[in-house]
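Only one structure is covered here, and it is reproduced in the block below.
Coordinate-derived values only; no laboratory data. No experiment lies behind these values; they were computed from the predicted model shown. Methodologically, a virtual Cβ is constructed for each residue, glycine included, from the backbone with ideal geometry; neighbour enumeration extends over all protein chains shown.
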Ligand code: ARG
Ligand code: ZN
Ligand code: CA
């Protein structure tokens, strides 16, 4: 496949009636869609900051995102659902993904990318479900203040990159360091990302070497690391292939 896939998105804004900032604006949501449509096409201007050694690996994943214009019953929609809740915040237990637990039910996960935006506890920026999981919890969850680039979006996570990272997981990408706690034993099952010990944070300076991966070191500017939004700006060709394999496989319902 060489053509671009467009994924219909529904954003569920789950907000507490007494905490108005949780009810983010349409504009903030649109600002997030704009970031996704740059990052997954390698059209983000900050690819210019990719170190020379890796410029040839920068990949256009050929995925675009559009807020749904039809709901599951075929009725016109703006792709934004707003639900008031009694919950002041949510954890990783998927409560936000069901009306019965104070959240919002998903739209069919084989036709829509469900994104829940809410207050998350414990410093969590977001979390995602990998392909192949239960349909009733499929999608990604993002903290409202790490969503989009305007409104409640707060530095250093006001670049819209939390959603880019979470959708990477939703399309089957692992963390670039392989989640092996510094052991250097486990990779991300992508050949063109260097093996690296652990997640990086903040705004690292190139090169940062670990796991004998010199001279270039960790590819910390990858969306699947843990750095600040302003410090992450690329997927690799290998990651793009892995995401597209997911779109030909577990998530092939989006291709028809
Ligand atoms: N903590 C989240 C996760 O593991 C996402 C981190 C996103 N990083 C960022 N700079 N926005 O899925
Ligand atoms: Zn992650
Ligand atoms: Ca790798």
For this session: First check a/c for the range 6-89, with a ≥ b ≥ c the square roots of the eigenvalues of its C-alpha gyration tensor; if it is under 1.5, answer rounded, and if not, answer prolate when a/b is larger than b/c or oblate otherwise.
Result: oblate
For this session: Take the alpha carbon gyration tensor of the range 145-256, find the square roots of its eigenvalues, order them as a ≥ b ≥ c, and report rounded if a/c is under 1.5; if not, report prolate when a/b exceeds b/c, else oblate.
Result: oblate
Exercise. Exposure proxy check: 166, 3, 248 ranked by fewest other beta carbons within 10 Å?
Worked result: 3, 248, 166
Problem set entry | R0 of 35 Å, Cβ-Cβ distance residue 26-residue 248: FRET efficiency to nearest 0.05 | 0.60
Seminar exercise, completed: In degrees, nearest 10, the alpha-carbon axis of helix 237-248 is tilted away from the dominant principal axis of the alpha carbons of the chain by 40 degrees
Exercise. What's the FRET efficiency of residue 150 with residue 180 using the Cβ-Cβ distance as r and R₀ = 45 Å, to the nearest 0.05?
Worked result: 0.75
Problem set entry | FRET efficiency, 1/(1 + (r/R0)^6) with R0 45 Å, evaluated for residue 95 and residue 203 via beta carbons | 0.85
For this session: Give the angle, between 0 and 90 degrees and rounded to the nearest 10, that separates the Cα long axis of helix 26-39 from the longest principal axis of the Cα atoms of the chain.
Result: 30 degrees
Exercise. Of 37, 23, 213, which has the largest mean-square fluctuation in a 10 Å C-alpha GNM of the chain?
Worked result: 213
Seminar exercise, completed: Extension length gain for residue 71 and residue 4 (0.36 nm per residue less Cα distance), in nm, is 21.9 nm
Problem set entry | Over the range 59-206, relative contact order from alpha-carbon pairs under 8 Å, at least 6 apart, % | 13 percent
Exercise. Under the definition of Cα pairs under 8 Å and six or more residues apart, what whole-number percent is the relative contact order of the range 11-142?
Worked result: 27 percent
Problem set entry | Contact order relative to length of the chain, as percent, for alpha carbon pairs under 8 angstrom and 6 or more apart | 20 percent
Problem set entry | Estimated [θ] at 222 nm from DSSP helical runs (n ≥ 4, -39500 (n - 2.57)) normalised by residues in the chain, nearest 500 | -4500 deg cm²/dmol
Seminar exercise, completed: Tilt, helix 161-170 to longest principal axis of the chain (alpha-carbon atoms), in degrees rounded to tens, equals 90 degrees
For this session: Rank-order 112-118, 14-20, 156-162 by packing density, defined as the average count of other C-beta atoms within 10 Å over each peptide's residues, highest first.
Result: 112-118, 156-162, 14-20
